[in-house]
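Values in this text are rule-based calculations from the coordinates and carry no lab data. Worth saying up front: this structure is predicted, and the values here are computed from it rather than measured. Reconstructed Cβ throughout: ideal geometry from the backbone, glycine too, with neighbour counts over all protein chains shown.
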Amino acid sequence: TVPQDVLYHGTGRGAVESILETGLCKMSRHHVHLSADIATAKIVGKRKGNPVVFAVDAALMQDKGFLFYCSENLVWLVEKVPPEYLQLI
């Protein structure tokens with residue numbers, strides 16, 4: 001499945017430093033969860049406190065061979081997002 005060029009990941013402010021160093025990892029989940037828009041990512045981030053949003057360069061990731069999936073509830077899934085594909089917005 002081909003995502004739009006940019007996807008988004010919302011999280012709590014406390015995770016920013018770690019994410020900038022190691023990227024997004026699936027942790028105990030099967031995949032990293034990404035949103036199609038900033039508003040949804042902010043809602044997700046609020047679950048972990050003060051929300052922050054990362055932009056994910058999905059177009060470049062796809063060019064580099066990363067596989068994306070779209071779930072039935074329109075959440076984009078990927079195995080991981082290395083830090084070079086992330087931008088804090």
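Observations, loosely collected:
- Neighbour cut-off at most 15 other Cβ (10 Å), DSSP loop, GluC sites (Glu not before Pro), the chain: GLU72, GLU79
- Based on alpha-carbon atoms, the Kirkwood radius and the radius of gyration of the chain give Rg/Rh equal to 0.92.
- Inter-label distance for LEU20 and ASP63, nm, one decimal - labels placed 7 Å from Cα along Cα-to-Cβ: 2.5
- For region 32-39, the Karplus equation 6.51 cos²θ - 1.76 cosθ + 1.60, evaluated at θ = phi - 60°, returns couplings of 6, 9, 10, 10, 7, 9, 5, 4 Hz by residue, with Gly and Pro reported as x.
- The trypsin sites (Lys or Arg not before Pro) of the chain meeting both criteria, a DSSP state outside H, G, I, E and B (loop) and at most 13 other C-beta atoms within 10 angstrom of the site's C-beta, are ARG29, ARG47, LYS64.
- A straight line joining the Cα centroids of region 2-44 and region 53-89 runs 8 Å.
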